[in-house]
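Heads up, the thing below is written out as structure tokens.
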Amino acid sequence: MHEYSLALSLLESLRARLAEDPVRGRVKKVHLRQGELLVLSREALREAWSLVTEGTELAGSELAIETVPVRVRCLACGYGGDAKYLAAEGWHVRVPVLSCPRCDARVEIVEGRDLAVVALTVEERVETG
Ligand SMILES: [Zn+2]
């Protein structure tokens, strides 16, 4: 149900944004950036999305999801940037390490935990006449 509540909060924030700044035409695609630390099933998210958007102006829109790397900040030495990764032979996933690549102190996560809307693809209504 994690994906369902994500889809729901996504819908709420998107509708609030569209209410303020309406688009002309139907939203075809919602482009999302998924932080590397956010564990979710894209399939479940897409399913949830089609459920929660039913009957709204976003019904029928697709989710285009892109993964973004973890970005960290070190309070000890001031480092800011990419996280350090555990690299192991044969692993299919990158595992970010939460210590500073420069000084090994514990770092804060700046980016990489959220799901954010970055853009919308809108199908323009063709004006006739
Ligand atoms: Zn550091």
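The values are calculated or read from the model by the stated rules, or taken from the named source; none is laboratory data. As the structure is a prediction and not an experimental result, all values here were calculated from the model. Positions of Cβ are generated from backbone atoms using ideal geometry, with glycine treated the same way; all protein chains shown enter the neighbour counts. Only protein heavy atoms, including side chains, enter the accessible area calculation; ligands, DNA and RNA are left aside. Shrake-Rupley method; radii C 1.70, N 1.55, O 1.52, S 1.80 Å.
Just a few scattered comments:
- Rolling a 1.4 Å probe over the heavy atoms of the protein chains gives the chain an accessible area of 66 Å² per residue.
- Between the residues 4, 72, 61, the greatest Cα displacement towards the positive end of the dipole of the chain, with unit charges on the Cβ of Lys, Arg, Asp and Glu, is found for 72.
- Between residue 4 and residue 29, the modelled label-to-label distance comes to 2.9 nm, taking each label 7 Å out from Cα in the direction of the beta carbon.
- Remark: accessible surface ordering of 33, 113, 73, 102 (largest first) is 102, 113, 73, 33, probe radius 1.4 Å.
- Computed with a 1.4 Å probe over protein heavy atoms only, the accessible area of residue 121 comes to about 50 Å².
- Derived scalar couplings ³J(HN,Hα) [segment 9-25; Karplus, 6.51 cos²θ - 1.76 cosθ + 1.60; whole Hz; x for Gly, Pro]: 6, 5, 4, 4, 6, 5, 5, 5, 5, 5, 5, 7, 9, x, 9, 8, x
- Taking each DSSP H run with n ≥ 4 as -39500 (n - 2.57) and averaging over every residue of the chain yields -7500 deg cm²/dmol at 222 nm.
- Gaussian network model of the chain, Cα within-10 Å springs - most flexible of 52, 30, 95: 95
- Residue 61 accessible area, assembled protein chains, probe 1.4 Å, Å²: 10 Å²
- Long-range HN-HN contacts of residue 67 with modeled amide H, under 5 Å: 34
- Of all DSSP bridge pairs formed entirely within the chain, close to 75 percent run antiparallel.
- For the chain, carbon and sulfur atoms together expose 50% of the accessible surface, with a 1.4 angstrom probe and every protein chain in place.
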